[in-house]
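To start, the structure under review is shown below, and the notes come after it.
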């Protein structure tokens, strides 16, 4: 999420800056995305959609909060 927030120009919280500065890079992000994609693929279609919408709602809410 921190990568997405910075892509949109939002400032990061100190713990997010630490995570990115401690070596969590694009490769780690890609691995996490793959794990999440496999998890979602195991869900019933309706639940998968609810979870995806919930994640996007939180992401956009965080972007709005941070300006």
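Readers should treat all values here as calculations from the given coordinates under stated rules, not as data from a laboratory. Since the model is a prediction, treat every value here as computed from it, not as a measurement. Counting neighbours? That spans all protein chains shown, and the Cβs are built from the backbone with ideal geometry, glycine included.
Annotations for the structure displayed:
- The chain - Rg and Dmax from Cα coordinates, angstrom: 13.6, 37
- The chain: calculated mean residue ellipticity at 222 nm from DSSP helix runs of at least 4, using -39500 (n - 2.57): -24500 deg cm²/dmol
- Residue 66-residue 28 FRET efficiency (beta carbon distance; Förster radius 30 Å; 0.05 resolution): 0.85
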